[in-house]
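Reviewing the structure listed below.
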Amino acid sequence: MRRFPPEGRQRAVIENVKPEIDAGRFAAKRTVGDTVAVEADMFADGHDLLSAVLKFRRKKDPKWTEVPMAPLGNDRWRGEFAVEKIGGYLYTIEAWVDRFETWRQGLAKKIAAGHEVSLDLQAGASLVDDAAQRAVRDDRAKLQRHAAALRAGAEKKVAAKIEGDDELLRLMQKYPDRRFATRYDKELAVVVDREKARFSTWYELFPRSFGKPGAHGSFADLERVLPYVASMGFDVLYLPPIHPIGRRHRKGKNNALSAAPSDPGSPWAIGSEEGGHKSVHPELGTVEDFKRLVAKAKDNGLEISIDIAFQCAPDHPYVKEHPEWFRKRPDGTVQFAENPPKKYEDIVPLDFETEAWRELWAELRDVVFFWIDQGVRLFRMDNPHTKPFRFWDWLVAEVKARHPDVIFLSEAFTRPKIMYRLAKAGLTQSYTYFTWRRTKAEIVEYFEELTETEVREFFRPSLWPNTPDILMDYLQEGGRPAFVARYILAATLGSNCGIYGPAFELGENRPREPGSEEYLNAEKYEIKRWDLEKADSLKDLIAAVNRIRKENPALQSDWSLKFHPIDNDRLICYSKRAGDGSNGERANTILTVVNLNPRNTESGWVNLSLAALGLDRDGPYEVHDLLSDARYVWRGAKNYVELNPNKLPAHIFRIEERTQPH
């Protein structure tokens, strides 16, 4: 015979809890100050009514806090709590048959129907007496008085009392009978990051390209560039690997197999006799010089991010000291990296299937800790999809346990499910397919997936129009208007975005060969000289867009993104909104229209969802173009737009105070 359950009188059922990532295996993501809204299907047999609470606590706190959940209809319930500190939170749900509320509503119906209810009053009084036994101090006496009143009251008087007595209802909700409550069988997790996880603007550059003519740049040289980067409104300065570069099989210009003596090599070929992942390239400076750069950047409103690439040059110290961490070919040589038809002879990957995997993992963790000790809290993780998921689960947990303020940017341009699994592992932000989404249909489909499905609970997109590895054909073909349009798209579709500069603001768009996404004379393999004062630089435009981002809360998160129909497929229209105008708060609403055709003027009629913009159906309102400072009075849903890409391929409208009809 089967055993009885521990408690067979638990009648409430809790199902379909959201957010719940992969049956609770992974955590949802939020930033400080966010709200976690939790929904679930909850019901019981028969006609009895339920009550439910959402329970939450910080992982380090033993005590739960409870907030009531409210029914939404069709047995769906909702509750929410705010997360106020970085770190881990847990939440779960508890539901029970609410005998008092069932009695209260049933009594009201009987009285309305003219039924005799003297016995019902006695039953209600008993429920209140029971609650009095659970109550403390003055509440107990109050409940006892309410019970006596129910026993003595006339039917009409009692009916009015039950409907209008807020005190009785409040006390009964405060001391419910939860002996047979059902508790959800999982404690679900939320990881709360600092605000920069949700809203950040990244600028990537190679520090070696900012020295004096003919010289390798240093951290000291880079200090002089910090005001330039800050002037464009960026808050993160990301540096490719800053470590010694291998000499064996060093690549030359344009990825040539043989390097000239003066060729600096790729920064991603990490390690030489001068050191490895815990060392600084001698021509850049010292670790102390780097720490000074971190401090100087902070003075300029910038946070330094460095690249963590868990791979080695053939002459990295690890290869000699820990040969067991690398795979060997049949001839006994160390296996270099390949992604056919590409070969990376200057890089040897680590073998995560080594028998010494624990020692390998511990060393890689210590690499991250080393740079944290130097003041870094932002890391761009290179090619994380080529390392095991279990490693990332472990590494992120290890780092976050000691440094919950650390942010990891995942550089994994790979298949969607792999990108999503890395985000579930805890990598904070992620590169996306935005780089290759050109048409309106492609953009809408992709961003609705990112912002309107469960993906948004764990995947924070970071939008980059270019990287040192990626020069998309749209930028190659479209000239300056294409660069402007792509940056505005990145900066307004996503609250996290970045560019590889100065290549981007200076319009570098020459491919190595037709059909290639590689740059001609790529900075990955040589030291470049950039004219930061070039007359046609986009730096002022980028500064204006970044200022708009900082001044408008609507652009500082992603979940409110809403696309609006427009009768021209070469135009795209979308909005974001922060606040709802309640409690005297002024809502911030941004409406963006972009011409996706870099060659020709395009026009069309937008058909706005006025509800998404917080507008009345027929009233006039003002749209203020924050790029050109032009103002227009629009009315209703349908309005005309026209954009010449050679002037400005986009509007970034802020919906202003409504104007009165003339």
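The values are calculated or read from the model by the stated rules, or taken from the named source; none is laboratory data. Just so it is clear, the structure is predicted and the values come from calculations on it, not from any experiment. Using ideal geometry, Cβ is built from the backbone for each residue, glycine included, and neighbour counts are taken over all protein chains shown. For the accessible areas, the whole protein counts, side chains as well, though only heavy atoms, and no ligand, DNA or RNA atoms are used. Shrake-Rupley method; radii C 1.70, N 1.55, O 1.52, S 1.80 Å.
Just wondering, is there one or more residues in the stretch 111-121 that are of a type outside the set (Val, Ile, Thr), surrounded by 11 or more Cβ atoms within 10 Å (Cβ to Cβ) and under 19 Å from Asp177 (Cβ atoms)? Checked the stretch 111-121: at least one residue is of a type outside the set (Val, Ile, Thr), surrounded by 11 or more Cβ atoms within 10 Å (Cβ to Cβ) and under 19 Å from Asp177 (Cβ atoms).
Condition (residue is assigned to a helix (DSSP H, G or I), of a type outside the set (Asp, Glu), within 31 Å of the chain's Cα centre (by Cα) and over 24 Å from Pro468 (Cβ atoms)) applied to the stretch 311-331: is it met by at least one residue?
Restricting attention to the stretch 311-331, the residues satisfying the condition of being assigned to a helix (DSSP H, G or I) are 317-321, 323-325.
Narrowing further to those that are of a type outside the set (Asp, Glu): 317-320, 323, 325.
Still in the list and also within 31 Å of the chain's Cα centre (by Cα): none.
Within the stretch 311-331, none of the residues are assigned to a helix (DSSP H, G or I), of a type outside the set (Asp, Glu), within 31 Å of the chain's Cα centre (by Cα) and over 24 Å from Pro468 (Cβ atoms).
From the list Gly515, Gly501, Gly479, Gly494, exactly one residue is of a type in the set (Gly, Ala, Ser), on the phi > 0 side of the Ramachandran plot and at pLDDT 95 or above. Which is it?
Numbers: Gly515 fails: at pLDDT 95 or above; Gly501 fails: on the phi > 0 side of the Ramachandran plot; Gly494 fails: on the phi > 0 side of the Ramachandran plot.
That would be Gly479, the only listed residue that is of a type in the set (Gly, Ala, Ser), on the phi > 0 side of the Ramachandran plot and at pLDDT 95 or above.
Just one residue in the set Arg104, Arg57, Arg99 is open to solvent by 30 Å² or more (accessible area, probe 1.4 Å) and without any contact (Cβ under 8 Å) to a residue 60 or more places away in the chain; that residue is Arg57. Residue by residue through the stretch 32-56, note down the ones that are of a type in the set (A, V, I, L, M, F, W, C) and either in a loop (DSSP other than H, G, I, E, B) or more than 29 Å from the chain's Cα centre (by Cα) (or both). Within the stretch 32-56, Val32, Met42, Phe43, Ala44, Leu49, Leu50, Ala52 qualify.
With respect to the stated conditions, Lys291 is over 27 Å from the mean Cα position of the chain (by Cα), part of a helix (DSSP H, G or I) and not aromatic (Phe, Trp, Tyr). Residues that are touching a Phe, Trp or Tyr at 6+ places or on another chain (Cβ under 6 Å), in contact (Cβ under 8 Å) with a residue 40 or more places away in the chain and either open to solvent by 50 Å² or more (accessible area, probe 1.4 Å) or of a type outside the set (A, V, I, L, M, F, W, C) (or both) within the stretch 421-435 comprise Lys424, Thr428, listed in sequence order.
Report yes if Ile418 is open to solvent by less than 20 Å² (accessible area, probe 1.4 Å), in contact (Cβ under 8 Å) with a residue 12 or more places away in the chain and β-branched (Val, Ile, Thr), otherwise no. Against the criterion (open to solvent by less than 20 Å² (accessible area, probe 1.4 Å), in contact (Cβ under 8 Å) with a residue 12 or more places away in the chain and β-branched (Val, Ile, Thr)), Ile418 does not qualify.
Considering only residues that are acidic (Asp, Glu) and in contact (Cβ under 8 Å) with a residue 12 or more places away in the chain, look in the stretch 567-615 and name the one that is farthest from Val633 (Cα to Cα).
Narrowing the stretch 567-615 to residues acidic (Asp, Glu): 567, 569, 580, 585, 602.
Keeping just the survivors that are in contact (Cβ under 8 Å) with a residue 12 or more places away in the chain gives 567, 569, 580, 602.
On the way: Asp567: 20, Asp569: 24, Asp580: 22, Glu602: 21 Å.
In this case the residue turns out to be Asp569.
If you go through the stretch 501-518 and keep only what is under 21 Å from Tyr238 (Cα atoms), open to solvent by 10 Å² or more (accessible area, probe 1.4 Å) and touching a strand residue (DSSP E or B) at 6+ places or on another chain (Cβ under 8 Å), you end up with Glu508, Glu518.
Looking at the stretch 373-415 only, could you name the residues that are outside any helix (DSSP H, G or I), closer than 24 Å to Leu293 by Cα and open to solvent by 30 Å² or more (accessible area, probe 1.4 Å)? Within the stretch 373-415, Gly375, Arg377, His403, Pro404, Asp405 meet the criteria.
For the stretch 315-332, the set of residues classified as surrounded by fewer than 19 Cβ atoms within 10 Å (Cβ to Cβ), among the charged types (D, E, K, R) and more than 15 Å from Asp351 (Cα to Cα) consists of Asp331 only.
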